[in-house]
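Below is one structure; the comments refer to it alone.
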Amino acid sequence: MTYASWHIEQLKFTGKDDKEASLAFAAGLSLVYGASNTGKSFALKSLDFMLGGATPLPLIREREPYNKLWLDIGFSVDRRALLERAVVGGPFQLHEGEAAPRTLAPKHSAKTPNNISTFLLTQMDAAGRKVSTDASGTQENLSFRDIAGIAGSAILGDGR
């Protein structure tokens, strides 16, 4: 089995009048720390949102000048992808190389490949895999949200 790796390089908010705010990540483990009410939880929620989360971003005052989020992902030294999404939600625009952007649906569907979950699972060589949902062996299609839910619980330490 081949294990593909990729990493998030940058999360960026853009808005009117060239307003921009970004958070860069190094390859490997990145820690985000700071005092209370400085945006750490909002950054984590924004990452989840850009990885297909359906929960809308909190309506905080600091978010008001921005209308788009961008997630820059590195798959290899010479391959990157840029995901674009409106801060209010909806579909993603996938920018890869010189190709025209393509639209990815925010909700997983094993029947149609043009969704954020299938795109991310493909990068992990996990698209089309099944996951058992109960002790009797009932299986469902793996969604990237299955993985994100486990990772998010570990990061937040909320015992899920």
Next item on the list: Could you work out the relative contact order of the stretch 1-121, using alpha carbon pairs under 8 angstrom and six or more residues apart, expressed as a whole percent?
Entry: 21 percent
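Count the DSSP beta bridges whose two residues both fall in the chain, then state the antiparallel fraction as a percent rounded to the nearest 5.
Counting only bridges with both partners in the chain, antiparallel ones make up about 95 percent.
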Check: Give me the Kirkwood hydrodynamic radius of the stretch 41-135 in Å, from all C-alpha pairs, to one decimal place?
Finding: 14.6 Å
Notebook entry, point to check: What's the long-distance tail for the stretch 1-43, i.e. % of Cα pairs beyond 13 Å?
Noted result: 67 percent
Check: Per-residue ellipticity at 222 nm for the chain, helices alone: DSSP H runs ≥ 4 residues times -39500 (n - 2.57), over residue total, nearest 500 deg cm²/dmol?
Finding: -6000 deg cm²/dmol
Item checked: Tensor-based shape of the chain (alpha-carbon gyration tensor, a/c under 1.5 rounded, otherwise prolate or oblate) -> prolate
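How do Val77, Val131, Val88 rank by accessible surface area computed with a 1.4 Å probe, from largest to smallest?
Putting Val77, Val131, Val88 in descending order of accessible area: Val77, Val88, Val131.
What do you get for trypsin sites (Lys or Arg not before Pro) in the stretch 14-90 restricted to DSSP loop and a cutoff of at most 15 other Cβ within 10 Å of the site's Cβ?
Lys19
The values are calculated or read from the model by the stated rules, or taken from the named source; none is laboratory data. Quick caveat, the model's predicted, so the values are computed rather than measured. Heads up, the Cβs are rebuilt from the backbone with ideal geometry, glycines too, and the neighbour counts pull from every protein chain shown. Surface areas here come from the heavy atoms of the whole protein model, side chains and all, with no ligands, DNA or RNA. Shrake-Rupley method; radii C 1.70, N 1.55, O 1.52, S 1.80 Å.
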